[in-house]
Amino acid sequence: MNDFKIWGWDKKPRTMLRYIKAGDIFCFKLDNQNYCFGRIVIKFIVGHIAEIFDIISNSPDLSEAKIRNAHRMIDPVILDSYLLFDRKFEGDWRIIGHQQNYSPNNMQNVYFTYGIEPWFKKVDIWQNETLISEKEAESLPRVSPLNDYHIKQLMKNFNIKLNVH
């Protein structure tokens, strides 16, 4: 069964926020020559949690086989999906396909944090919250949506050796 539908880079330059859903495959321009790919995991409090694949290409074209064999390049992140896909405020991010019946996996240890002392909390992708110490909070990413610049900086921090602007 083919559970992927890939319509490509040119079909939908913009996707309104209310139409972004889990399983959407996206592509973004990393720099003038390279494209990166990822998948929307789940709608979240302040955006969408996404995983960015270890696929970098000089073309925005993507096959189902590449998606099936992809791994995460960086830990899952919260995207500012409104600015990236709907408003197109910065960068060039596009939904290029969808995986039918997508269900998040390998997410049991993905947490984000928010709050102040003594009420720091960690929250998982399903928005289950737990009180935590300040020390644990410091080790987790904040519940804060990331934009194009932040994602590219994260990738740079993970030693992605590309000309990132």
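The values are calculated or read from the model by the stated rules, or taken from the named source; none is laboratory data. The model shown is predicted, which means the values in this text are computed figures rather than measured ones. Counting neighbours? That spans all protein chains shown, and the Cβs are built from the backbone with ideal geometry, glycine included. Areas reflect the complete protein model, heavy atoms only, side chains present, ligands, DNA and RNA absent. Shrake-Rupley method; radii C 1.70, N 1.55, O 1.52, S 1.80 Å.
Determine, for each peptide in 28-34, 126-132, the mean count of other beta carbons within 10 angstrom over its residues, then list the peptides with the highest first.
Values: 28-34: 15.7, 126-132: 12.1.
Averaged packing, sorted descending, gives the order 28-34, 126-132.
Which pairs, out of K43/K121; K121/K152; K88/K121; K29/K121; K43/K66, put more than 29 Å between their alpha-carbon atoms? Check vs 29 Å cut-off fails for K88/K121; K29/K121. Principal-axis analysis of the Cα atoms of the chain puts helix 148-157 at an angle of about 80° to the longest axis.
Overall, the accessible surface of the range 1-59 at a probe of 1.4 angstrom is composed of carbon and sulfur to the extent of 48 percent. Contact order, relative form, for the range 1-132: 29 percent (alpha carbon pairs under 8 Å, 6 or more residues apart, mean separation divided by residue count). A 1.4 Å probe, protein heavy atoms only, puts the accessible area of W9 near 20 Å².
Annotation: Cα Rg of the chain relative to the compact-globule expectation 2.2 N^0.38 Å equals 1.04. For the pair the range 92-155 / the range 11-59, the C-alpha centres are spaced 16 Å from each other.
Using alpha carbons only, the radius of gyration of the range 12-89 set against its Kirkwood radius gives Rg/Rh = 0.94. In this simple spin-label model, placing a label point 7 Å from the Cα along the Cα-to-Cβ direction at both D10 and I74 gives a separation of 3.0 nm. Summarise the accessible area of the range 78-165 (1.4 Å probe, protein heavy atoms) by the percent that is carbon and sulfur. In the range 78-165, the share of accessible area belonging to carbon and sulfur is 49 percent. Only DSSP H runs of four or more residues enter the estimate; each adds -39500 (n - 2.57), and after division by the residues of the chain the mean residue ellipticity at 222 nm equals -3000 deg cm²/dmol.
Express the accessible area of the chain per residue in Å², computed with a 1.4 Å probe while the remaining protein chains stay in the model.
Computed with neighbouring chains in place, this is 56 Å² per residue.
Select from A65, I52, A137 the residue farthest towards the positive end of the dipole of the chain; place +1 on Cβ of Lys and Arg, -1 on Cβ of Asp and Glu, and compute about the Cα centre. Ranked along the dipole, the leading option is A65. For S59 and D124, FRET efficiency with R0 = 30 Å and r from the beta-carbon atoms, rounded to 0.05? Taking R0 as 30 Å, the efficiency between D124 and S59 is 0.30. Simple spin-label estimate for D3 and N106 gives 1.5 nm between the two label positions (7 Å along the Cα-to-Cβ direction from each Cα). With R₀ set to 25 Å, the beta-carbon distance separating E90 from K66 gives a calculated FRET efficiency near 0.45. Most tightly packed first, judged by the mean number of other beta-carbon atoms within 10 Å of their residues, the peptides 138-150, 43-55 read 43-55, 138-150.
With the simple spin-label model, which puts each label point 7 Å out from Cα in the Cβ direction, the L17 to Q33 separation comes to 3.7 nm.
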